[in-house]
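The values are calculated or read from the model by the stated rules, or taken from the named source; none is laboratory data. All values reported here derive from a predicted model rather than from experimental measurement. Neighbour counts run over all protein chains shown; Cβ positions are idealised from the backbone, glycine included.
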Amino acid sequence: MAFTLYTLIQTAILCTNAIAVLHEERFLSKIGWGVEQGVGGFGDDPGIKAQILNLIRSVRTIMRVPLIMVNSACIVLLLLFG
């Protein structure tokens, strides 16, 4: 397998898919990263843990529909060009 631009794009899509499927109650709360864990006070700088949780929630919320389309396009490309 060659190191190409398509391979880099496919890697980014797979990582985004991995973030998008993380479930808060099933997985994240078991490791201490549940909904109630990332709450900070007003004016406090959020820590790295809160920023990562915010990123995970944002990816799940915003990237749901685009990921469906991008995954479908990747499947079609793989079927057409191998």
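Scanning for something exposed (fewer than 11 other Cβ atoms within 10 Å of the Cβ), of a type in the set (G, A, S) and modelled with pLDDT under 85, does segment 19-37 turn up at least one residue?
Yes - at least one qualifying residue is present in segment 19-37.
Can you name the residue in segment 54-82 that is basic (K, R) and surrounded by 11 or more Cβ atoms within 10 Å (Cβ to Cβ) and is also farthest from I9 (Cα to Cα) among such residues?
Out of the qualifying residues, it is R57.
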